[in-house]
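Read the structure below first, then the notes.
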């Protein structure tokens, strides 16, 4: 019984040769698909590694950020905000600071929302620079309320919050009990007109003799306090004839009787009678 298989299984004893796996079209097609899948995986890994090496090249990392067009906004503050956006991750293994991955539109949107800008453009300059042009909304006042500061335009709309007084705008020190809610006007139209009138007349007639730094506003608009750089303040009736009161102040200052160091205030609320202490 040459060639007979030694086995404990009865059916295998009568088989002349050892059983072998038959390779037909099914197994051939299956192995072909496995090879193709493996090749695709290898290519995908290679592409990812190549992409990672390209997107992490040091000379493509954005390092130069140029800011122009700003008036009130600190350019260094803008650069720090942009840098924080660029250092976030993209697609898990990449960062946004790569020239090709950085999104100009996303950065422009972030700046526009942060600073409430009229317009902003962000352009990439190969290989590692950003050119940022800001167009700010015009601010005329600083509204100070409960220890916070906001830039305000001539129509009473708030532009954005700032850290502190920038010494470039007239400060409206609001000490009223009234606290405007979101989307509510900070001042009524007549109140804003009074503030504008004081600011305009002061610049036209008084500015050469004293600078107006701020206006202290309380619940009683008949007792406004105009803060100056000469050590005294001016008491003024915001509901009275502002032009007449400012004329009275001008006459007092041009008379040369007040030096500014020997008084604490000038009261011009009572027609042609001027009081000072």
For the stretch 62-110, the count of residues that are farther than 22 Å from residue 164 by Cβ and in contact (Cβ under 8 Å) with a residue 60 or more places away in the chain equals 7
If we keep only residues of the stretch 150-178 that are touching a helix residue (DSSP H, G or I) at 6+ places or on another chain (Cβ under 8 Å) and in a loop (DSSP other than H, G, I, E, B), then the residue surrounded by the fewest Cβ atoms within 10 Å (Cβ to Cβ) is 155
For the stretch 147-159, check the following and say yes or no: at least one residue is without any contact (Cβ under 8 Å) to a residue 60 or more places away in the chain and within 25 Å of residue 250 (Cβ to Cβ).
yes
Regarding residue 270, is this residue in contact with a strand residue (DSSP E or B) (Cβ under 6 Å, 6 or more places away or on another chain) and either surrounded by fewer than 12 Cβ atoms within 10 Å (Cβ to Cβ) or at pLDDT below 95 (or both)? no
Inside the stretch 82-109, the number of residues satisfying the requirement of being closer than 11 Å to residue 132 by Cβ and buried (at least 17 other Cβ atoms within 10 Å of the Cβ) is 3
Worksheet item: Within the stretch 76-87, is there a residue that is at pLDDT 85 or above and over 30 Å from residue 169 (Cβ atoms)?
Response: yes
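The values are calculated or read from the model by the stated rules, or taken from the named source; none is laboratory data. Because the structure is a prediction, the values reported are computed rather than measured. Ideal geometry is used to build each Cβ from the backbone, glycine not excepted, and the neighbour counts take in all protein chains shown.
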